[in-house]
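The values are calculated or read from the model by the stated rules, or taken from the named source; none is laboratory data. For clarity, every value in this text was computed on a predicted model and none was experimentally measured. Every residue, glycine among them, receives a Cβ derived from its backbone with ideal geometry; neighbour counts consider all protein chains shown. To get the accessible areas, we keep the full protein, side chains included, count just its heavy atoms, and leave off ligands, DNA and RNA. Shrake-Rupley method; radii C 1.70, N 1.55, O 1.52, S 1.80 Å.
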Amino acid sequence: MNNYYQYNVLFCVNQREGGEACCADKGAQGLRDYAKKKIKSLKLAGKGQCRINTAGCMDRCAEGPVIAIYPEGTWYTYVDQDDIDEIIDEHLVHGRVVNRLKI
């Protein structure tokens, strides 16, 4: 199979109503924006490389915030920029799963 992107990174940025747990309440949009800028600055964005995408609810709110990396289907949770940096460096640059953040 020939994928347009090596990695497609989906960031849930969903905002739930009524105070329910959600990724948006945990800074998902800001960290998604950070990841997109970082991928571009590392020259890893574009065809054959990485794509950072915004996703709606991915139904793992209690474990959030969450991202999913395809085509392999690896799911991560994260807390801050350090976690995003680790996922970028380990998974997207070197192809190694970050077990401590995997869900």
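Ala24 falls short of the stated requirement of being open to solvent by 80 Å² or more (accessible area, probe 1.4 Å) and under 18 Å from Val79 (Cα atoms). Among the numbered conditions (1) without any contact (Cβ under 8 Å) to a residue 60 or more places away in the chain; (2) open to solvent by less than 30 Å² (accessible area, probe 1.4 Å), the only one that Ile69 does not meet is (1).
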